[in-house]
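The values are calculated or read from the model by the stated rules, or taken from the named source; none is laboratory data. Model, not experiment: these values are computed from the prediction. Don't worry about glycine lacking a Cβ; one is built from the backbone with ideal geometry, like all the others, and counts go over all protein chains shown. All accessible areas refer to the heavy atoms of the entire protein, side chains included, with ligands and DNA or RNA removed. Shrake-Rupley method; radii C 1.70, N 1.55, O 1.52, S 1.80 Å.
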Amino acid sequence: MKQPARAANGKPAAKAKRKSRDDINHESRDRKRDKKHRGHASGSRANPAASESNGGRQESNVKDPRIGSKKPVALIAEGKTAAVKPKKSVAKSAAEKKVRLTPEEELAKLENDERLDALLDRLENGETLSAEDQGWLDASLDRIDELMEQLGIVMDDADDEQAEEDMYRLLKGN
């Protein structure tokens, strides 16, 4: 069996006094009462000036805690922003009118146009185009026809069909 620990001066340690059930209950009630009084007073959120005022005196520039950040928020998600069309200036459009392309250059530009190629591919796949796209496509194709007539380029579809038929006959052996 162990001996009780001795104090520094050599006397035995005093026994710890056990608390009675009444003392324990009384302490727990005190703790509960203290816990109830934690936090803000009721209505402090709706009336912040009344809770912070000193002696009933209110300041004129009290900040409202319900008002949040003044930082602007983007309404459109990043990476999905709509393409903004730049406004054409008068000076720029006048400069474009002065630059005149030769028919050969204009024809080459139209033949290499990516939008025209994409729309023609969509038509070949059987898709229907919007009225705006269809109008632009028709205007572009008409302009190409005009330029080809000016340059004297003739495309005969009948000759191409005969050549294809001749190739089929040669391949079949007729």
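Count of segment 107-128 residues, restricted to those that are under 13 Å from Leu147 (Cβ atoms) and of a type in the set (Lys, Arg), is 1.
Only residues that are open to solvent by less than 100 Å² (accessible area, probe 1.4 Å), under 26 Å from Ala108 (Cβ atoms) and either outside any helix (DSSP H, G or I) or modelled with pLDDT of 85 or more (or both) were counted across segment 149-174, and they come to 3.
In segment 78-96, is there at least one residue being at pLDDT 75 or above, open to solvent by 70 Å² or more (accessible area, probe 1.4 Å) and assigned to a loop (DSSP other than H, G, I, E, B)? Looking for residues that are at pLDDT 75 or above, open to solvent by 70 Å² or more (accessible area, probe 1.4 Å) and assigned to a loop (DSSP other than H, G, I, E, B), one finds at least one in segment 78-96, hence yes. Here Leu119 fulfils each of the conditions (1) part of a loop (DSSP other than H, G, I, E, B); (2) open to solvent by less than 80 Å² (accessible area, probe 1.4 Å); (3) modelled with pLDDT of 85 or more apart from (1). Summed over segment 1-41, the residues that are closer than 30 Å to Ile67 by Cβ and modelled with pLDDT of 80 or more give a count of 0.
For Glu106, the stated conditions do not hold, so it cannot be described as closer than 25 Å to Asp138 by Cα and modelled with pLDDT under 65.
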